[in-house]
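Throughout, read-outs are computed from the coordinates displayed, never taken from laboratory work. Quick caveat: nothing in here was measured; it's all calculated off a predicted structure. Quick reminder, even Gly has a Cβ in these numbers, built from the backbone with ideal geometry, and neighbours come from all protein chains shown.
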Amino acid sequence: MMLLVNGVLLGAGLFSWVERRLIGRFHNRIGPNRWGPFGSLQPLADLVKLLFKEDLTPRGADRIVFAIVPVAMLAPVVLTMAVVPFAKDTALANLNVGVLYILAVTSITSIAIFMAGWSSDNRYAMWGASRGVAILISYEVPVVMSLLGVVLVAGSMSLDDVVSAQTVPFLLVQPLAFFVFFAGTSAELNRTPFDLAEAESEIIAGYHIEYSGVKFALIQAAEFGAVLTSSAVMVSLFLSGWSGPASNYLGWAWFLMKIGVLAFIFSWVRATFPRLRIDQLLAFAWKFLLPLSIINLFATALEVYFLRDGSGALDTTDLWIMAGVNFGVAFGCLLIFGTLIKEKVRPAGPVTGSTLSPVEAD
């Protein structure tokens, strides 16, 4: 377990440097380049700086809850990685309810965010926590619905069984589920464009505004580590996990490479899209992602019912048939829903006295 904790912390530090360099390039900047080759020692320099910062606790804060929050933020990241198979038979705990376990463990994050906002005795922190909890509750529903489709196709909730069932990557078999899961996970991670819980221009730093020193370092490690953990879960559920050529020997290499691709996409989205408004963000969950996940679940259930043989298994041909059908369903759904929820913008027109309020007219 200590090896897992150290691996998560090391991966979080490495990813923080890679993402800052990538976003610098996306923004036509250089990024960190002072400490070490290409700035590779910048995470270490930041850690040393935070270790020597004074660890302050607000006067009106609940000290016990305030101190628990950083550990509560980091715990789901480590506990989730415990059931993820990096290679064949390498999961620390091979649970037959691995998918359910991941959903349960990651729900701790919403509790930790609310604890941070409530215990800080700060209005900005409380507003950020309220936003974070609203986002997590809203996006948890479509995320769960999207995973039900994966479980139906695999016939098991064990991550090892899900990986073994992917003779065709579930990214192709379940494109709608992947889209919903990726968008929902981005929201739960407070990543741009869903980062309203930490909107600097509105509520400064959000729920962790009062944290400093080691506590702030742990929260940052949890946020960056959560991106890698979510990428690892998506690799296992949708990208065949450690499977690949010579996977008996190079399974871990394939797994890490796929994690790197997804982490790059997370950084790409962060550097590209603007932040959504709270009404747009919640509407996206309830009016777009949730209907898509329900449609995907019903389509998958019908396909599994008609294609599964007497032994209850789906062969490679069945998976390719499902992939073709589901891509057609996904294209039709995205086209229809994209048209329906498109925000109507009132065309500009001349400003007359009848369009002005009495105050504006004066």
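Below are the figures for this structure:
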item: Residue 331/residue 29 FRET efficiency (R0 45 Å; Cβ-Cβ; nearest 0.05); result: 0.75
item: Matching label, Rg and Dmax of the Cα atoms in Å computed from the structure shown, candidates (1) 19.9, 60; (2) 21.2, 69; (3) 22.4, 79; result: (3)
item: Fluctuation leader among 171, 281, 50 - the chain, Gaussian network, Cα springs under 10 angstrom; result: 50
item: Count of lysine pairs in the chain with Cα separation under 20 Å (8 or more residues apart, or interchain); result: 5
item: Estimated FRET transfer efficiency when R0 is 51 angstrom, pair residue 64-residue 321 (beta carbons, to 0.05); result: 0.35
